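For reference, the structure discussed in these notes is given below.
The values are calculated or read from the model by the stated rules, or taken from the named source; none is laboratory data. The structure presented is a predicted model; accordingly, all values stated were derived computationally and were not measured. Here the Cβ positions follow ideal geometry from the backbone for every residue, glycine too, while neighbour counts run over all protein chains shown. Surface areas here come from the heavy atoms of the whole protein model, side chains and all, with no ligands, DNA or RNA. Shrake-Rupley method; radii C 1.70, N 1.55, O 1.52, S 1.80 Å.
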Amino acid sequence: FLPRQPQDAMARRVAEALARTTLFVFPSKAEAQGLAALEAMATGAPCIISVLGPGPETAVHEESALLVDPTNVPALAAAMTRLLGDAPLRAQLGAAARARCLAHFDLAQLAPRNEAFYAHCVAEARDG
């Protein structure tokens, strides 16, 4: 764990730590959006992400991450063993994860999409 520090310094240290990681494993059973997985993807870390919750919306299995059922411990262990033993696959998944993150989860894209969604919801509620 990192000691308490200003937000920008903490964000920089987390990004540096994630960029040095061999692989990032996020076996959550219930998440609203798995921000930690997106942060890891943004640094180019190869990821194993839960197939439950937002995992399939966050990454594409075998393309930008490995998606695994976190309740299936043998499958999770096999995915970790696979990535630890395959440096080219780690590099491929990491690069694809970063590209996906920039293409689909960049704030400049998310903010207008969310604003349009909420405007649509308000219009539907208003117009019946």
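Tell me, which residue of the range 95-109 that is touching a residue at least 40 places away in the same chain (Cβ under 8 Å) and charged (D, E, K, R) is surrounded by the fewest Cβ atoms within 10 Å (Cβ to Cβ)? Looking at residues that are touching a residue at least 40 places away in the same chain (Cβ under 8 Å) and charged (D, E, K, R), I get 98.
Across the range 100-118, the number of residues qualifying as among the aliphatic types (A, V, I, L, M) and more than 20 Å from residue 55 (Cα to Cα) comes to 3.
Residues in the range 113-128 that are open to solvent by 70 Å² or more (accessible area, probe 1.4 Å) and either outside any helix (DSSP H, G or I) or not aromatic (Phe, Trp, Tyr) (or both): 113, 114, 115, 120, 122, 124, 125, 126, 127, 128.
Residue 57 - would you say it is without any contact (Cβ under 8 Å) to a residue 24 or more places away in the chain and not polar (S, T, N, Q)? Yes.
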